[in-house]
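Presented below is the structure to which this report refers.
The values are calculated or read from the model by the stated rules, or taken from the named source; none is laboratory data. As the structure is a computational prediction, the values presented were derived from the model and not from experiment. Positions of Cβ are backbone-derived with ideal geometry, glycine not excepted, and every protein chain shown enters the neighbour counts. These area figures cover heavy atoms from the full protein model, side chains too; ligands, DNA and RNA do not enter into them. Shrake-Rupley method; radii C 1.70, N 1.55, O 1.52, S 1.80 Å.
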Amino acid sequence: MKPHRSSFASALALLSTLGLLPNTVPAALRLPSVIGDNMVLQQQRENPLWGWAGAGQSVSVTLGEQRVETTADSHGFWIVSLPKMEASAEPREVAIQTGDETRTLSNVKVGEVWLCSGQSNMQWAVQQSSGAEEAIRSADQPGIHLFQIPLVSRRDRQDDVEARWTACTPETVPGFSAVAYYFGERLQSELQVPIGLIQSAWGGSRIEPWIPLEAFTWFAELQEVNRAAREATPTTSEYRVAREEFLQKVKDWTEQAGAAFEQNETFPPLPPSPPELRENNQDPTVLYNAMIHPVVPYGLRGAIWYQGESNVGEGMLYYHKKKALIHGWRKVFQNPELSFHFVQLAPFRYGNPEHVLPVFWETQTACLRIPYTGMAVINDISTIGDIHPPNKKDVGIRLALNALAKDYGKEDLVFSGPLYDRHSAEGGSIRIHFLHAPNGLVARDGNPLTHFEIAGSDGAWKPARAQIDGSAVLVSSPEVSEPVKVRFAWSQTAEPNLSNAEGLPASAFRTHPG
């Protein structure tokens, strides 16, 4: 059988589409999807822009009067950094040129960009949450732009993802993260600058898949996890070997096919595809590879995080994992002060032991020791029988309060509910001092304070009477004459009524951990 020119061209086109055709001709200009129409660039920071072109080709990027140039490396990769800019809602164009090819990106704005990640409660869409109808109807917000990353896991790092920036409208917002949307809506209202939200969340995911592989090596407490992570990804090298062998076969095939084409002879058979190596989306680093790395090192102000349900029961080990996550992201995004604000889990019956969730709350609170972090407490808006509380608006707003206070200089803003600070003995009582109660404490429902317990040296916990005194609470019990320690909301179904005057709820605590 004689070959047809059309079949040869089709075969080459297919291999090129798969990224398997050897680089024998100058490559066309290619951009990752995160760099495109409707993107929001981070104000007051240099903004990396990158892509691919022919090896050694010159590349220029122009935005207004700013123009930067570079040369693609031997693999065709190039990257530039646009100088710092102030926020602007004016739609702009970015022109990227290499050789005779120019790509013009439209409706580009400058403002604040946040990565929104975690598991199902972050993934939970606007259309699934309470108040969805009104939220969608009023979502014509040109100052908010959305970038929603699809659910993908990979053992090797991906350089792109199938997503695109869109303006926030009633048509684009229903399937977007509700927590992220309400977070962005509050920021946009307060700051009056464009807001870019990148959603990268997967229901049921553990924290380990989101962590860059190298970050597991940075902390002594994670060396066992590191070994497990390395053992869980041996197919990465196997896959690369198989892929390299296949690429060599493709190169041989193209040479043979080209010769057959010139001689009008029969084509050699196409080489078989490399084996498909599947991964578990709970394996370490696979979600980072496929759902974070494709947007690295895009310019960000910070990240918001709602995750932990799949790691409940780990205690302080989760603290070390979160350190690895945060420092890992700060490293890859080239921002050692990248802000990271997270949600403390809502009350829910996870099963036995009864205190598994309070210990996890304690761990999440400990994560505030990591610099440039904030925490939203939501034990007042939970649904005990549903791990997905439908009120996502208040969650987003409380994350935004952390950002407004810690990242945008709103110094007089009370951004957190009361957090345990210290305690002192007062006769037969213990006085608990709280942070984040500058205007005092209240019982939200007007009833006596709930979920306080007190114990003496025998360690027997008794229900306690708790009285508010300014920004402190005096705890006592007629059953404990010489109290030693106090705990608060120490049950996975606890929905306590203590809050500060601003209505933000107090977090669970115990005066004597362990």
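For this structure, a couple of remarks:
- Distance between the C-alpha centres of region 321-348 and region 478-514: 27 Å, rounded to the whole angstrom.
- Axis of helix 234-262 versus longest Cα principal axis of the chain: the two differ by about 20°, to the nearest ten degrees.
- Accessible surface of region 109-156, 1.4 Å probe: 47 percent of it comes from carbon and sulfur atoms.
- Counting DSSP beta bridges with both ends in the chain, the antiparallel % (nearest 5): 70
- Rounded if a/c under 1.5, otherwise prolate or oblate - region 79-238, Cα gyration tensor axes: oblate
- Protein heavy-atom accessible surface, 1.4 Å probe, per residue over the chain: 43 Å².
- For Lys462, a cut-off of 23 angstrom between C-alpha atoms picks up these lysines, skipping any fewer than 8 places away in its own chain: Lys485.
- Prolate/oblate/rounded call for region 453-503, Cα gyration tensor, a/c under 1.5 rounded: oblate
- Considering the chain at the alpha-carbon level, its Rg and Dmax are found to be 27.1, 101 Å.
- Pairs from Lys331/Lys406; Lys84/Lys406; Lys84/Lys331; Lys84/Lys109; Lys321/Lys393; Lys322/Lys406 whose Cα-Cα separation, in the structure shown, is over 23 Å: Lys321/Lys393
- More than 28 angstrom apart: percent of Cα pairs within region 261-409: 34
- Mean residue ellipticity, 222 nm, helices only, the chain: the sum of -39500 (n - 2.57) across DSSP H runs of n ≥ 4, divided by residue count and rounded to 500, is -7500 deg cm²/dmol.
- Take the Cβ atoms of Lys251 and Ala28, set R0 to 25 Å, and the FRET efficiency comes out at 0.80.
- Convex hull projection area averaged over all views, region 126-190, Cα basis, nm²: 5.2
- The fraction of accessible area contributed by carbon and sulfur in region 412-500 is 45 percent, rounded to a whole number (1.4 Å probe; ligands and nucleic acids excluded).
- Expressed as a fraction of 2.2 N^0.38 Å, the C-alpha radius of gyration for region 92-137 is 1.92.
- Stokes-Einstein diffusion for region 61-136 at 10 °C, viscosity 1.306 mPa s, with a Kirkwood radius from C-alpha pairs, works out to 98 µm²/s.
- Cβ-Cβ FRET estimate between Ser106 and Ser457, R0 fixed at 56 Å, reported to 0.05: 0.20
- Whole-percent carbon and sulfur share, accessible surface of region 32-79, 1.4 Å: 42
- Stokes-Einstein D (µm²/s) once Rh is taken as the Kirkwood radius of region 310-390 over alpha-carbon pairs, at 4 °C in 1.567 mPa s: 95
- Annotation: average projected area of region 406-514 is 7.6 square nanometres, based on the convex hull of Cα atoms across all directions.
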